[in-house]
Amino acid sequence: MGLVSKFKEFRQGNKKKEAEEPVDESEMSFLDHLEELRWHLMRSLIAILAFGVYFFIYRKWFVEEIIMVPFTSDAPINQFLCQIGFCGEEVVIDYQVLHPTELFLKSIMISFVGGLVLSFPYILWEMWRFIKPGLHDHERKGTRWIVFVMSLLFFAGIAFSYFIILPFSIRFLATFELFGEISIAWRIGYVLSFFAQIILAGGILFEMPILAYFLAKIGVITPEFLVRYRRHAIVVLLLISAIITPPDVLSQVLIFIPLLLLYQVSIRVVKVVHRNKERALAKEKEEEAKMREAALTQQPPSNGSES
């Protein structure tokens, strides 16, 4: 028993020593970094699942009070247009279920999307905690507000898609005529997938200035590059607008306008990054010149006393 007690004391002493000594993350091995990344991803997944379970428990309220609002005349943009005299015809849509497991599987899908949206700031924070130790002090200061700005842009894109893009897209699709009178009956699974596609696409596309910021930091793009290829970018943005929206001109224009504005913001962001890099480079050259000048003017030490 004496050996066992000594072994326990030895283990406790090592644990206490490890707790007192800070871990130098710069000396972590590749496997240690993978282990650290795994725990960050695990905590992010737990956050998504926690919010997803909440949405699944209250799925009926979530679908009726949030998801289906843009599909009705109660959408805020529809009410606003009606107040200024642009009331459209009432759109009546019947929803159908054509597969035994459709409601259950789509409930899981839409709950996961809701959990992903609400936990997005926390996911960014976890990723920031993983990347932060590898950054220099000036890089940490330059990206101090990155989680807040990315979250703000993400939710702005979601809000724009929810309040503007979805109601106009749904009204166009529901009132499009081909021949005679056709009763509108949409499959609920497709409706929920359409909602998730538009919402997530809007949130991701609004991250354009952040993407431009990082590409400018690593020297991939410059302000001159973005200005020179502005026309090409407009064509690409139009194609993206056509892909993520229904085939109506109004919805494409509504998503293209903010994307074009975000492109202009990205140019401004890249200009600021490029200007800061030039200032830092000029300051570094100036310091090197001062050091060389100081080295040249410094007197060499004497080699010994005179004989």
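The values are calculated or read from the model by the stated rules, or taken from the named source; none is laboratory data. Everything numeric here is computed off the predicted structure, so don't read it as measured data. Here the Cβ is made from the backbone with ideal geometry for all residues, glycine too, and neighbour counts use every protein chain on show. With ligands, DNA and RNA removed, areas are computed over all heavy atoms of the protein, side chains included. Shrake-Rupley method; radii C 1.70, N 1.55, O 1.52, S 1.80 Å.
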Tell me, which helices (runs of 4 or more DSSP H) wholly within region 131-206 include 1 or more residues that are within 19 Å of the chain's Cα centre (by Cα) and farther than 25 Å from PRO70 by Cβ? 137-142, 146-160
Cross-chain or 6+ apart pairs with Cβ under 6 Å, region 45-60 first and within 14 Å of GLU126 (Cβ to Cβ), then among the aromatic types (Phe, Trp, Tyr): ALA47/TYR122
Take the conditions among the β-branched types (Val, Ile, Thr) and either closer than 24 Å to THR143 by Cβ or not in a helix (DSSP H, G or I) (or both) and apply them to VAL270. Does it pass? yes
Looking at region 93-102, which of the residues that are surrounded by 14 or more Cβ atoms within 10 Å (Cβ to Cβ) and not charged (D, E, K, R) is farthest from PHE62 (Cα to Cα)? ILE93
Of (1) open to solvent by 40 Å² or more (accessible area, probe 1.4 Å); (2) under 26 Å from VAL149 (Cα atoms), VAL270 fails just (1)
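Residues are listed down the side, and each one gets a yes or a no for (1) within 23 Å of ALA196 (Cβ to Cβ); (2) open to solvent by 70 Å² or more (accessible area, probe 1.4 Å); (3) among the hydroxyl-bearing types (Ser, Thr, Tyr); (4) free of Cβ contacts under 8 Å to residues at least 12 places away in the same chain:
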residue	(1), (2), (3), (4)
CYS87	no, yes, no, yes
PHE104	yes, yes, no, yes
SER111	yes, no, yes, no
GLY114	yes, no, no, no
PHE120	yes, no, no, no
PRO133	no, no, no, no
Please give the number of the condition PRO167 fails out of (1) farther than 30 Å from PHE214 by Cβ; (2) of a type outside the set (Gly, Ala, Ser); (3) modelled with pLDDT of 90 or more. (3)
In region 189-224, which residue that is aromatic (Phe, Trp, Tyr) and closer than 17 Å to LEU153 by Cα is surrounded by the fewest Cβ atoms within 10 Å (Cβ to Cβ)? PHE214
